[in-house]
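Okay, structure first, notes after.
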Amino acid sequence: MIKNKFGIKMLILAILLVSMAFVPAVSASFEKTNEQQMPEEVKEWIEKNTVDEETKIWRAKQTEQWMQNHTVNVTSTTTYKYYNGQLEIKEVYTSKDPENKAKVNDFTKISKIPISAKDKITILNGESFTLEEGNEKVIVTEKTVVITSQTDPYPWWDYG
């Protein structure tokens, strides 16, 4: 009986000591103001690069104007062809638009996607396409796209 009372007292004392150790840790506040947490270089960079509403509007207008200057009406001819275990997607943009400001008359983009032999049918633009050697599908659409060249990139350094 005496050993039980001593054991219970020790257990209560241990719980009390553990709880005293956690109370200051739980109630301690680690919150600091932004000035205390943020390095001085970061604050300076933010101040230097923060722009007002007028500048944001100006940048948006410049971007919109650039996009309009590079917008072209094109005929998109996309050819899907399956061979050697891969699907080749060849997209050709052709423009006969006299308003073609980008001066791009033909633009070709080719990508190849390996497809497992166990897949027999895939969906292309909502239509099924059977994956058989040499099978080909051509889809022609009219699009309006933004096109630029390596020598005429979007001038992000001017507009942000």
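Quick notes on this one:
- Any hit, region 107-125, residues being touching a Lys or Arg at 6+ places or on another chain (Cβ under 8 Å), outside any loop (DSSP other than H, G, I, E, B), at pLDDT below 80 and on the phi < 0 side of the Ramachandran plot: yes
Matching residues to (1) polar (S, T, N, Q); (2) part of a strand (DSSP E or B); (3) modelled with pLDDT of 70 or more:
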| residue | (1), (2), (3) |
| --- | --- |
| Ile15 | no, no, yes |
| Met20 | no, no, no |
| Ser29 | yes, no, no |
| Lys32 | no, no, no |
| Glu44 | no, no, yes |
| Thr55 | yes, no, yes |
| Thr75 | yes, yes, yes |
| Tyr80 | no, yes, yes |
| Glu91 | no, yes, yes |
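- For Glu64, the stated conditions do not hold, so it cannot be described as open to solvent by 100 Å² or more (accessible area, probe 1.4 Å), farther than 24 Å from Tyr154 by Cβ and modelled with pLDDT of 80 or more.
- Only one of the numbered conditions (1) open to solvent by 100 Å² or more (accessible area, probe 1.4 Å); (2) at pLDDT below 70; (3) more than 30 Å from Gln150 (Cβ to Cβ); (4) not acidic (Asp, Glu) is violated by Lys101, and that is (3).
- Region 52-81 residues that are basic (Lys, Arg), paired with ones that are surrounded by 15 or more Cβ atoms within 10 Å (Cβ to Cβ) (beta carbon under 6 Å, 6 or more apart): Arg59/Tyr159; Lys81/Glu88
- Search result, residues across region 133-150 that are assigned to a loop (DSSP other than H, G, I, E, B) and surrounded by 11 or more Cβ atoms within 10 Å (Cβ to Cβ): Asn135, Ile147, Thr148, Ser149
The values are calculated or read from the model by the stated rules, or taken from the named source; none is laboratory data. Worth saying up front: this structure is predicted, and the values here are computed from it rather than measured. Positions of Cβ are generated from backbone atoms using ideal geometry, with glycine treated the same way; all protein chains shown enter the neighbour counts. For accessibility, only protein heavy atoms count, side chains too; no ligands or nucleic acids. Shrake-Rupley method; radii C 1.70, N 1.55, O 1.52, S 1.80 Å.
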